[in-house]
Amino acid sequence: MAFELDKVVPWGRSLAEYIQLFNLTNSDLDKKIISFGDGPASFNSEMYALNKTIISLDPLYQFTKNSIEDRISETKVAVMEQMKANQDNYIWTTIKNTEELEQIRMQAMSTFIKDFEVGKRQRRYINHELPNPTNYMDLEFELGLSSHFLILYSQLGLDFHLKAISEMLRISKEIRIFPILDLNGGVPDILYEIIKHFNNDFCIRIDTCEYEFQKNGNRMLVILHK
Ligand SMILES: C[S@@+](CC[C@H](N)C(=O)[O-])C[C@H]1O[C@@H](n2cnc3c(N)ncnc32)[C@H](O)[C@@H]1O
């Protein structure tokens, strides 16, 4: 099925948030990084401004800047209403309230929007839909990331996840997936199935991270080549 913009709820995080949610050290930031399902996050733009090597993949990047921007405006109100209705599922210490959340997210997405066309020309934003194969070489990247996409959308199913993660591991020496909760805030069964599937051939860890916004959502799955 084609990836349709009117079904997407664009929502993006900042470099500061990515650093906390993936435990990114200074030496991690110097690695050659590929980030899957990056959407309208400002991670790529902010990394590029720091002269770091980063490529973001997302099917969202097939659309024009104007249509992505319109879609962000269209969905913002509904997303914020949902956040307000479900406030108890989140921890309001770093981000103090829904107004601050909206301001942080809109700032990240506006940084992305300003950078999108230049970044697309520089091939930092690539239209790609998991679990399709990419054109990159085996182990071309030192680190592959997935923030708030894989595992969170556990309804995509085990087969989707195994294919997507296999492709991520084909081109990345190490991958990190955050969070390991689904949209209902529970640990989905597919997490255990994923671990079971890759456990023999890879090193697998679950690490605790500094970032916890979704309650109990402070852990990431790390898979490394042996
Ligand atoms: C909740 S957003 C997370 C954006 C960003 N990673 C962040 O944490 O701020 C989920 C993203 O997954 C993307 N997505 C949806 N289906 C995808 C697929 N099959 N392959 C790759 N990305 C996909 C969406 O376009 C969207 O940008």
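Tabulated data for the structure shown
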{"item": "Share of carbon and sulfur in the accessible heavy-atom surface of the chain [1.4 Å probe, %]", "result": "48"}
{"item": "Whether the range 1-82 is rounded, prolate or oblate, judged on the alpha carbon gyration tensor where a/c under 1.5 counts as rounded", "result": "prolate"}
{"item": "Accessible area of Thr94 in the full protein assembly, 1.4 Å probe (Å², nearest 10)", "result": "100"}
{"item": "Solvent-accessible area per residue for the chain (1.4 angstrom probe, square angstrom)", "result": "49"}
{"item": "Gyration tensor (alpha-carbon) shape descriptor, the chain, a/c threshold 1.5", "result": "rounded"}
{"item": "Anisotropy class of the range 28-141 from Cα gyration tensor, a/c 1.5 cut", "result": "prolate"}
{"item": "Label zone at Asn23 (point 7 Å along Cα-to-Cβ), backbone N below 16 Å, the range 200-219", "result": "203-212, 217-219"}
{"item": "Mean residue ellipticity (222 nm) of the chain, computed from DSSP H runs ≥ 4 via -39,500 (n - 2.57), nearest 500", "result": "-12000 deg cm²/dmol"}
{"item": "Exposure rule at most 16 other beta-carbon atoms within 10 Å, DSSP loop GluC sites (Glu not before Pro): the chain longest free segment", "result": "5-128"}
{"item": "Cα coordinate range in the range 130-195, projected on the principal axes (Å, largest first)", "result": "36, 19, 17"}
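The values are calculated or read from the model by the stated rules, or taken from the named source; none is laboratory data. Everything quoted here is computed from the prediction, not taken from an experiment. FYI the Cβ positions are ideal-geometry reconstructions off the backbone, even for glycines, and counts take in every protein chain you see. Side chains are part of the model used for accessible areas, which takes the heavy atoms of the whole protein and leaves out ligands, DNA and RNA. Shrake-Rupley method; radii C 1.70, N 1.55, O 1.52, S 1.80 Å.
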